[in-house]
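The block underneath contains the structure these notes are about, expressed in structure tokens.
The values are calculated or read from the model by the stated rules, or taken from the named source; none is laboratory data. What you see is a predicted model, and the numbers here were worked out from it, not measured in a lab. Using ideal geometry, Cβ is built from the backbone for each residue, glycine included, and neighbour counts are taken over all protein chains shown. Calculation scope for accessible area: heavy atoms of the full protein, side chains included, ligands and nucleic acids excluded. Shrake-Rupley method; radii C 1.70, N 1.55, O 1.52, S 1.80 Å.
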Amino acid sequence: MQFKTKIAIVVFSTVIAFYAIVGSFMTKSGQVIARGSQYGQVTIFDEVLNHIIRDYVDQPDLEKVRIGSLRGLAEGLDPYSAYLTPDQVKQYNPKANRNETGMVLSKVGGFAYVVAVSKGSAADQAGIRPGDFVEYVGKVPSRDLSLYDIEQLVAGQPGTAIDLRVVHQGQSRKVSITRARLTAPPIEARLEEPGVGYIKVTNLSDGKASDVKTQLTELMAKGAQKIVLDLRGAANGKIQDGVAVANLFIGSGTLARVIGKGDKETQVLTADPSKTIFNGPLDVVIDRSTAGPAEVIAAAIRDQKRGELVGERTFGAGSDQQLFSLSDGGALLMTVAKYAPASGKAFMEEPVNPTVKVDRPVEAEVVLPADGDDDDNAPEDKPEQQATPVAPPKPVQPAEDVQLKKAIEIIKQAPTKAQIVTKSALIRRVPRPASEDDAYDISTRT
């Protein structure tokens with residue numbers, strides 16, 4: 001065994017042994033160490049390390065073991081926490097745009113998961129859809145990488161390419177994406193029919209809340225008295241942007257909270273009545289691609305009883321991370337706060353459920369031509385075979401947007417403020433019956 005390795009083992013063992021001894025001392029003092037306690041966990045680590053040193057078949061690389069254990073500790077918290085090596089710390093830039101492909105990623109079941117895809121982005125053009133799993137980044141399984149590492153690998157200079165293996169509805173295929181500078185798609189707005197406005201919030205990055213306000217004002221000027229707010233695909237941005245959009249429709253009460261250590265509220269964000277510009281009927285469309293600040297909007301509208309939430313359960317995200325430096329030059333990127341609605345658990349623990357559940361129909365499968373190189377380990381001198389001509393797939397009619405259709409159906413039935421006032425005035429003008437014999441349903445009077 002090399003001298004440096006012996007020294008590393010001694011140092012590593014000494015640190016863990018120290019905690020183990022302290023824990024042993026506390027046990028002898030009559031305080032039982034719970035399996036979930038700090039000292040109980042350190043004791044288990046000491047046992048594992050001793051087995052690695054004594055019983056592992058080869059000479060262990062303790063530096064690799066240490067980095068692997070630190071990564072495991074971070075990933076055991078949540079998908080957004082990670083251990084950064086010293087080299088990664090030097091390159092760390094929280095303000096950098098790492099979204100050149102247009103995908104908003106998380107991890108589900110250990111694999112990279114596509115929460116949302118920006119319209120017109122490189123990922124969108126490659127056929128990647130929300131709900132897809134990224135099985136491989138290059139030739140590295142995403143389950144072996146932290147979300148931070150995955151985002152770093154996917155990011156890159158515009159014009160360069162990245163190969164992914166994507167699983168869509170159980171079908172795995174290779175996808176090559178050419179990175180490009182991503183321009184956030186504009187907020188979409190239109191009159192669905194007279195009096196009913198539609199706003200599609202594509203994302204909630206800086207400035208988009210102001211764009212929503214502009215589009216809402218223009219729709220109102222065109223005669224919109226009812227609004228359908230579509231939050232599907234909105235999965236990025238800051239909590240302040242979500243609050244700003246919610247405030248356009250809600251004039252009082254708590255809109256969102258930021259929860260810190262020990263479930264302590266570190267920030268409570270309330271509505272400003274002067275910023276509310278629309279008080280008419282409102283419905284919101286949500287699904288699994290609705291995340292983060294968009295969940296703030298949906299939950300606020302639900303809690304303040306401003307309208308129905310139509311569609312499917314949201315993804316469940318929204319948190320802030322902080323970088324903690326470590327003595328080895330690395331750092332721990334760790335979640336220190338979570339976004340939460342006015343009441344209840346944080347979105348990461350309890351996503352927003354619709355008040356009117358409408359499942360999207362499963363889209364028709366498009367048979368894609370084989371990529372011809374499924375075997376990543378195939379020898380390079382494999383003889384080329386004549387490619388079989390493949391007829392292009394027939395155009396598939398897009399499935400009907402049943403969620404939006406339902407939202408419009410509901411909003412059309414909701415009376416406007418003017419209609420409520422008119423109905424109240426008519427009721428007040430109906431004379432009371434002189435006696436019970438003269439009483440009858442006022443609905444028979446016109």
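Structural remarks
- As a summary of the residue check, L216 satisfies the conditions (1) open to solvent by 40 Å² or more (accessible area, probe 1.4 Å); (2) assigned to a helix (DSSP H, G or I); (3) among the hydrophobic types (A, V, I, L, M, F, W, C) except for the one numbered (1).
- I297 meets the conditions (1) farther than 30 Å from K222 by Cα; (2) touching a helix residue (DSSP H, G or I) at 6+ places or on another chain (Cβ under 6 Å); (3) buried (at least 21 other Cβ atoms within 10 Å of the Cβ) in every case but one. The failed one is (1).
- Hits in region 121-150 - residues which are within 15 Å of T178 (Cα to Cα), open to solvent by less than 50 Å² (accessible area, probe 1.4 Å) and not β-branched (V, I, T): S121, A122, A123, D124, A126, G127, G138
- Only one of the numbered conditions (1) of a type in the set (K, R); (2) over 21 Å from T290 (Cα atoms); (3) modelled with pLDDT of 95 or more is not met by R181, and that is (3).
- Scanning region 67-97 for residues that are basic (K, R) and surrounded by 18 or more Cβ atoms within 10 Å (Cβ to Cβ) turns up just one, R71.
Residue by residue, here is whether (1) in contact with a helix residue (DSSP H, G or I) (Cβ under 7 Å, 6 or more places away or on another chain); (2) surrounded by fewer than 18 Cβ atoms within 10 Å (Cβ to Cβ); (3) not in a loop (DSSP other than H, G, I, E, B) holds:
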site: R232; (1), (2), (3): no, no, no
site: Q240; (1), (2), (3): no, yes, yes
site: V245; (1), (2), (3): yes, no, yes
site: R302; (1), (2), (3): no, no, yes
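- Candidates F315, F278, F249 - the one that is surrounded by 20 or more Cβ atoms within 10 Å (Cβ to Cβ), of a type in the set (F, W, Y) and within 30 Å of M334 (Cα to Cα): F315
- Any pair with Cβ under 6 angstrom, 6 or more apart, that starts in region 37-66 at a residue that is open to solvent by less than 90 Å² (accessible area, probe 1.4 Å) and ends at one that is not in a helix (DSSP H, G or I): Y39/I33; G40/I33; G40/A34; I52/P60
- In region 318-351, the residues that are of a type in the set (K, R) and either open to solvent by less than 20 Å² (accessible area, probe 1.4 Å) or in a loop (DSSP other than H, G, I, E, B) (or both): K345
- Only listed residue being of a type in the set (A, V, I, L, M, F, W, C), at negative phi and assigned to a loop (DSSP other than H, G, I, E, B), chosen from I150, I128: I128
Yes/no matrix, rows are residues, columns are (1) under 18 Å from the mean Cα position of the chain (by Cα); (2) open to solvent by 20 Å² or more (accessible area, probe 1.4 Å); (3) not aromatic (F, W, Y):
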| position | (1), (2), (3) |
| --- | --- |
| L164 | no, no, yes |
| Q169 | no, yes, yes |
| P186 | no, yes, yes |
| D206 | yes, yes, yes |
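- Taken together, the residues in region 262-279 that are in a loop (DSSP other than H, G, I, E, B) and touching a Lys or Arg at 6+ places or on another chain (Cβ under 8 Å) amount to 2.
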